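Inspection log for the structure reproduced underneath, given as structure tokens.
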Amino acid sequence: MESTRRNDDREEKVAEMSKLLFDHIEGQINLADTKAQLTLAAGAILAALVLPLGKGVAFQLLDSTATIERLTAGIIILMFISLLASLYYALVAARPTLQLPKQRQTLLYFGHIAELSEEEFISRFLRQTPQDINESILAQVWAKAQLANRKFTMIRRSLTFLILAVVLWAMVQLLLAFTP
């Protein structure tokens, strides 16, 4: 009897921890999406600032007589490339993913649920044991952790390129201060 109660307590704690972990990972995904949106906004603002610098930059780069102008043009081109890379990675991070990494079919992922009829979903869900539900939660935790990891990797790349674009923009501003 004592052993059964301890086992029930353990199962309840595992179920509770599984739900907490699920909510935590879901929060991390929401945080990653927010960071991606903020990075996109910052990139768009920087793009609006640097767009006027692009006018005639190809001619300046090819002009062999003006060294500072050629250097400035080269840095502007690198800045545009860096900014485009930042925006690309931020968009990839913000883009919804409908296919989770390889995982078991669970009745907790909306993509799997949507493949079933209403009756089939209700029937299959109600037939699950608490252990089945717990395993489904943990499978979703794993899949969502994979997704969060991918999103944060893309955001890190996006921010790295955005920082590079800002540094290059500052260099351009310094060089422009020394041109007639």
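Taking region 1-38 on its own, how many of its residues are small (Gly, Ala, Ser) and under 19 Å from Ala90 (Cα atoms)?
Going through region 1-38 one residue at a time, the tally reaches 3.
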- Message: Where the second residue is open to solvent by less than 100 Å² (accessible area, probe 1.4 Å) and the first is among the aliphatic types (A, V, I, L, M) and lies in region 4-21, which pairs have Cβ atoms under 7 Å and are six or more apart or on separate chains?
- Response: Val14/Asn134; Ala15/Asn134; Leu21/Val141
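Looking only at region 103-137, which residues are among the polar types (S, T, N, Q) and exposed (fewer than 12 other Cβ atoms within 10 Å of the Cβ)? Give the steps one after another, and end with the answer.
Residues of region 103-137 that are among the polar types (S, T, N, Q), as a first pass: 103, 105-106, 117, 123, 128-129, 131, 134, 136.
Of everything in region 103-137, those that are among the polar types (S, T, N, Q) and exposed (fewer than 12 other Cβ atoms within 10 Å of the Cβ) turn out to be Ser117, Ser123, Thr129, Gln131.
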- Close pairs from region 113-131: first at negative phi, partner among the aliphatic types (A, V, I, L, M) and not in a loop (DSSP other than H, G, I, E, B), Cβ under 6 Å, at least 6 apart: Phe121/Ile113
- Message: Filter region 22-55 down to the residues that are free of Cβ contacts under 8 Å to residues at least 12 places away in the same chain and β-branched (Val, Ile, Thr) and list them by number.
- Response: Thr34, Ile45
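Give me the residue from region 16-32 that is open to solvent by less than 40 Å² (accessible area, probe 1.4 Å) and touching a helix residue (DSSP H, G or I) at 6+ places or on another chain (Cβ under 8 Å) and, out of that set, farthest from Arg157 (Cα to Cα). Working first, answer last.
Here is the first cut: in region 16-32, the ones open to solvent by less than 40 Å² (accessible area, probe 1.4 Å) are 18, 25, 27, 29, 32.
With touching a helix residue (DSSP H, G or I) at 6+ places or on another chain (Cβ under 8 Å) added as a condition, the list becomes 18, 25, 29, 32.
Working: Ser18: 31, Ile25: 21, Ile29: 17, Ala32: 13 Å.
The extreme case among them is Ser18.
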- Quick one: Ala15 ticks every box in (1) within 26 Å of Leu87 (Cα to Cα); (2) at pLDDT below 90; (3) of a type in the set (A, V, I, L, M) except a single one, so which number is it? (1)
- List the number of the failed condition for Leu40; all other conditions in (1) open to solvent by 50 Å² or more (accessible area, probe 1.4 Å); (2) hydrophobic (A, V, I, L, M, F, W, C); (3) at pLDDT 85 or above hold. (1)
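Would you pick out the residues in region 161-180 that are in a helix (DSSP H, G or I) and in contact (Cβ under 8 Å) with a residue 24 or more places away in the chain? So that I can check it myself, show each step before the final result.
Restricting attention to region 161-180, the residues satisfying the condition of being in a helix (DSSP H, G or I) are 161-177.
Of everything in region 161-180, those that are in a helix (DSSP H, G or I) and in contact (Cβ under 8 Å) with a residue 24 or more places away in the chain turn out to be Phe161, Leu162, Leu164, Ala165, Val166, Leu168, Trp169, Met171, Val172, Leu175, Leu176.
The values are calculated or read from the model by the stated rules, or taken from the named source; none is laboratory data. The structure presented is a predicted model; accordingly, all values stated were derived computationally and were not measured. All Cβ positions, even for glycine, are placed from backbone atoms using ideal geometry, and neighbour counts span all protein chains on display. We work out accessible area using only protein heavy atoms, side chains counted, and drop any ligands, DNA or RNA first. Shrake-Rupley method; radii C 1.70, N 1.55, O 1.52, S 1.80 Å.
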